[in-house]
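For reference, the structure discussed in these notes is given below.
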Amino acid sequence: MRKLLLGGMLVLGVSIASAKGQESMPASYLLQVSSNLACGAINIELVSHSGQVAESLQFKDSVFALVELMPGTYRFGDLKCVSSNKDSEVFDISLSTLAPIELKPGQGYYGGKLIVKQSADKTVQSTPDVIDNCPNVISKARGDNDDCTDGVGVNTSPVETKTINVYAPAQATADLERVRSVLQVSDEQLLYIPLISKTN
């Protein structure tokens, strides 16, 4: 598996290296994604200045994805979790809080790593939402009283809420060197432009 991944990345490295220095060639953008979602694939949209989805980074059989784009400024659109079967949940998460990226012709870029993590929290219902007034006659066999004793009662079991968080940790120098080494490119051929949140 690792050999296949490295082989695929070497092919991507040749693509980046060949684009270097050619003004007519598009820019190359590489990104890594790690996720605990049960997705058949993850797609991340890159939106052009005109507002159209220019390209999508598609993560299916690899943790890395590469796209070629015409030079210009791009912003991140939605991260889409594509279901692997009809029983899988589909998520659509906006990445609009990430700052836009500017790509120059013939240049290779590495955006670093996105971590998409789903967590489940269980909270106990302290005050269930119920109707307070009960009918006076609950059961003829029990006699007349005001106690709400018959029936299944109120479900006070813990409620599970799912939260999906997206992280963009800064890449250490050693991590960048490892990626460039595998791709067989220099730091000039593959520039690191970290994913950051917009300031405004």
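The values are calculated or read from the model by the stated rules, or taken from the named source; none is laboratory data. Given the structure is predicted, the values throughout are model-derived calculations rather than measurements. A quick note on method: Cβ atoms are made from the backbone with ideal geometry, for glycine too, and the neighbour counts reach across all protein chains shown. Just so you know, the surface numbers come from the protein's heavy atoms only, side chains and all, with ligands and any DNA or RNA stripped out. Shrake-Rupley method; radii C 1.70, N 1.55, O 1.52, S 1.80 Å.
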Quick check on Ser48: is it hydroxyl-bearing (Ser, Thr, Tyr) and in contact (Cβ under 8 Å) with a residue 40 or more places away in the chain?
no
Please go through the range 163-174 and pick out each residue that is in contact (Cβ under 8 Å) with a residue 12 or more places away in the chain and either assigned to a helix (DSSP H, G or I) or open to solvent by 80 Å² or more (accessible area, probe 1.4 Å) (or both).
Tyr167, Ala170
Using beta carbons and a limit of 7 Å, which pairs, at least six apart or on different chains, have the first residue in the range 179-195 and under 24 Å from Tyr167 (Cα atoms) and the second one of a type in the set (A, V, I, L, M) and open to solvent by 60 Å² or more (accessible area, probe 1.4 Å)?
Pro194/Ala170
Scan the range 86-121 for residues that are in contact (Cβ under 8 Å) with a residue 40 or more places away in the chain, of a type in the set (A, V, I, L, M, F, W, C), within 17 Å of Asn43 (Cβ to Cβ) and not in a strand (DSSP E or B) and jot them down.
Leu95
Matching residues, the range 64-85, being in a loop (DSSP other than H, G, I, E, B) and at pLDDT 90 or above:
Met70, Pro71
State the number of residues belonging to the range 177-200 that are surrounded by fewer than 16 Cβ atoms within 10 Å (Cβ to Cβ) and either under 21 Å from the mean Cα position of the chain (by Cα) or within 23 Å of Leu37 (Cβ to Cβ) (or both).
6
Could you tell me whether any residue of the range 56-63 is touching a residue at least 12 places away in the same chain (Cβ under 8 Å), more than 17 Å from Asn36 (Cβ to Cβ) and hydrophobic (A, V, I, L, M, F, W, C)?
yes
Looking for whichever is under 29 Å from Asp187 (Cβ atoms), at pLDDT below 90 and surrounded by 17 or more Cβ atoms within 10 Å (Cβ to Cβ) here; the options are Ser28, Ser35. Which one fits?
Ser35
Considering only the range 150-160, I want to know if a residue exists there that is modelled with pLDDT of 90 or more and in a loop (DSSP other than H, G, I, E, B).
no
Among the numbered criteria (1) without any contact (Cβ under 8 Å) to a residue 24 or more places away in the chain; (2) among the basic types (Lys, Arg); (3) open to solvent by less than 70 Å² (accessible area, probe 1.4 Å), which one does Lys80 miss?
(1)
